Each structure stands twice: as C-alpha cells, then as structure tokens.
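Encoded as structure tokens, the structure appears first; notes follow it.
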Amino acid sequence: MRKHTMGLLAMAAASTLALSACGSAEVGEPTGDDTATAGGDTIRIGIKYDQPGLGLKEGSEFTGFDTDVARYVADKLGYSEDQIEWVETISANRETALQNDEVDMIFATYSITDERKGLVDFAGPYFVAGQDLLVAADNTDIMGPEDLEGKNLCSVSGSTSAENIKNDHAEGVQLVERPGYADCVTALASGAVDAVTTDDIILAGLAATEQNAGKFKVVGAPFSEERYGVGLPDGSTDTCEEVNTAITEMIEDGTWEELVAKHTEGADYSPNEDLNPPEPDACE
C-alpha cells in the first residue's frame with residue numbers, strides 16, 4: 001500500500017484465482033504474485049501514540065485496542081506484522097494525512113461523521129463509544145452528567161466534551177482544562193476535580209493502566225454516540241469492503257470481545273451492549 005492504497009486490491013481477480021489454487025494458505029502467507037510480500041509493500045497505518053488502552057507507543061512497542069484491531073485487519077488484507085508501518089496521526093491531522101497520501105488507513109478513535117465523509121471514506125464502525133464520566137472507584141454521588149452541578153469537571157484543552165455537559169446537562173458545573181487526559185486523571189486522583197469526561201473507552205483505557213487499576217471507574221451512563229471507523233482515502237470503496245469483511249470476521253470469531261476485555265481490564269467497564277459490537281455500514 002505504500003505504492004498505492006489500492007495496490008493489493010488492483011489485483012483482486014488474480015488474487016481470487018491464486019487463492020482457489022492454494023486453498024490451504026493462511027491469511028498473510030505468500031500465495032503468488034498478488035501478495036504484499038511478493039511486491040515488497042508495506043501498509044502505513046495511522047494511530048494515536050498517546051492514548052493508553054487504544055493507541056500507545058512505548059519505546060518500540062505499539063499497544064492498544066485500536067492498534068490490535070489494525071493488526072487483525074492488516075493480517076486479513078495479507079500484511080504481516082513486520083509489513084506494518086505505524087504513523088502517529090493526531091486528531092487534527094487525520095483528514096490531511098489521508099488526503100496527502102501519508103497513510104493508507106487510520107485507526108485512531110476516528111468518529112464517523114457526515115462532515116468527515118465529505119472528505120474521506122470510512123469502513124466500519126468497529127466500535128461505538130459514548131461520552132461518559134470517569135470518577136473515583138468509591139464515588140457514589142455521580143451517576144450521570146446531571147449530578148455534576150457545582151462540581152469540578154476536567155477535560156482536555158480544545159475539547160467540546162465538557163462544554164456539552166455545561167450546555168445540556170449541568171449549567172453549574174465548574175470546568176477545568178488540562179493539556180491531556182492523563183493530566184485530568186492526575187487531577188482526579190488528587191481530588192482537584194470530581195470527574196473527567198470524554199469517550200467511555202478512552203476513559204476505560206486510562207483507568208486500566210497499571211498505575212491506575214482499581215482507583216477509578218467509568219460511570220457507565222453514556223450520553224452520546226461516537227462510531228469509530230477506519231479512515232480511508234476518498235474513493236476507496238473496494239478497500240472499504242475488504243476492511244468491513246475483516247471487521248465482521250473479527251466480531252464473529254470472538255477476537256473483538258477479547259480485545260475489548262484485554263485493553264479495559266481493571267477499569268470496571270463494559271461497552272454499551274445496545275450498540276456493540278456494531279455492524280459495519282455499507283460502503284459508499
């Protein structure tokens with residue numbers, strides 16, 4: 001995919017013939033001229049580097065739910081682990097990275113919206129998050145956003161999450177901004193704030209880190225819907241269909257559930273069962 005996002009798919013017909021002739025081959029194994037290995041290609045995948053439990057870079061290691069979902073999908077597309085080139089993709093630059101051919105696809109808590117779909121394509125969703133609250137594990141006062149009247153609420157600078165609560169749920173909440181969510185969790189641990197808000201699985205990832213395990217809990221009353229998709233360059237319908245097939249297989253074979261549990265262990269968190277696991281949208 002370094003040469004072109006659609007490089008693997010351009011030889012779809014050849015791939016079908018090769019696979020029918022070599023039906024015992026495992027996904028990602030060389031099966032003829034259509035393989036990534038044969039072409040020497042890599043696949044460039046955009047992820048976050050600073051979100052524990054989702055996309056985190058520690059030394060040369062890349063961990064998190066988004067990262068493992070990306071590995072699964074890449075494998076189904078025929079790319080081995082050593083053919084993945086991880087690229088840091090911050091929220092503000094995701095569309096630009098796809099439009100400028102800096103990445104082939106993005107797994108980075110990337111919510112599918114109509115506005116974004118006017119600029120890039122999406123496969124998925126592979127997870128449906130919701131805005132929620134993180135509080136101390138022994139907190140019994142905060143059960144939802146309405147309980148934040150007169151309390152201190154932390155979110156990151158530039159986020160609209162806290163403003164949404166102030167505007168729609170608790171006019172008297174006191175908003176506290178920090179540079180990152182880890183800073184908000186530090187403020188929560190010290191008692192400087194009463195709660196932290198963002199998407200529930202992001203909060204769960206923060207709470208599940210080794211230093212935080214058992215100290216915090218996700219309230220579990222989400223009040224928005226964030227459909228995490230796989231960002232693709234505009235015009236990637238064929239790639240979208242292959243990615244959707246991989247996501248469906250990941251859900252059906254139990255890997256999706258295993259990955260959610262693995263990356264939220266210790267956070268007292270369960271995803272919204274009414275929305276998860278999701279069914280991928282039809283590709284446009």
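Spatial offset of segment 179-246 relative to segment 154-174 amounts to 17 Å, using the alpha carbon center of each. Accessible surface calculations at 1.4 Å, restricted to protein heavy atoms, place segment 118-161 at 35 Å² per residue. GNM on the chain, alpha-carbon springs under 10 angstrom: the most fluctuating residue among E273, E226, E88 is E273. When peptides 239-247, 103-111 are ranked by their average number of other Cβ atoms within 10 Å per residue, the highest-first order is 103-111, 239-247. Over segment 211-284, the fraction of Cα-Cα pairs per 5 Å bin, rounded to whole percents and listed from the shortest bin up, is 3, 13, 19, 21, 17, 13, 8, 4, 2, 0. Backbone phi angles across segment 45-57, fed through the Karplus curve with coefficients 6.51, -1.76 and 1.60 (θ = phi - 60°), yield HN-Hα couplings of 10, x, 9, 7, 9, 10, 10, x, x, 10, x, 9, 9 Hz in residue order; Gly and Pro are listed as x.
Taking 7 Å steps out from each Cα toward its Cβ at D101 and K117 produces label points 2.7 nm apart.
Computed from label points 7 Å out along Cα-Cβ, the spacing between E258 and E273 is 2.2 nm. Computed over the alpha carbons of segment 146-204, Rg followed by Dmax gives 10.3, 27 Å. Taking every lysine pair in the chain that is 8 or more places apart or spans two chains, those with Cα atoms closer than 29 Å amount to 26.
Beta bridges assigned by DSSP with both partners in the chain are antiparallel in approximately 60 percent of cases. In plain terms, the C-alpha convex hull of segment 96-192 casts an average shadow of 7.9 nm² when viewed from every direction. Comparing Cα centroids, segment 37-76 and segment 252-284 end up 18 angstrom apart.
Projected onto its three principal axes, the C-alpha set of segment 241-281 covers 34, 19, 13 Å, listed from the longest axis down. When the solvent-accessible area of the chain is split by element, carbon and sulfur atoms take up 45 percent of it, the probe being 1.4 Å.
Given N residues in segment 68-109, what is Rg(Cα) / (2.2 N^0.38 Å)? Ratio of Rg to 2.2 N^0.38 Å for segment 68-109: 1.19.
When the Kirkwood hydrodynamic radius is evaluated over all pairs of different C-alpha atoms of the chain, what value in angstrom, to one decimal, is obtained?
One decimal place: 19.7 Å for the Kirkwood radius.
The values are calculated or read from the model by the stated rules, or taken from the named source; none is laboratory data. As the structure is a prediction and not an experimental result, all values here were calculated from the model. FYI the Cβ positions are ideal-geometry reconstructions off the backbone, even for glycines, and counts take in every protein chain you see. Areas reflect the complete protein model, heavy atoms only, side chains present, ligands, DNA and RNA absent. Shrake-Rupley method; radii C 1.70, N 1.55, O 1.52, S 1.80 Å.
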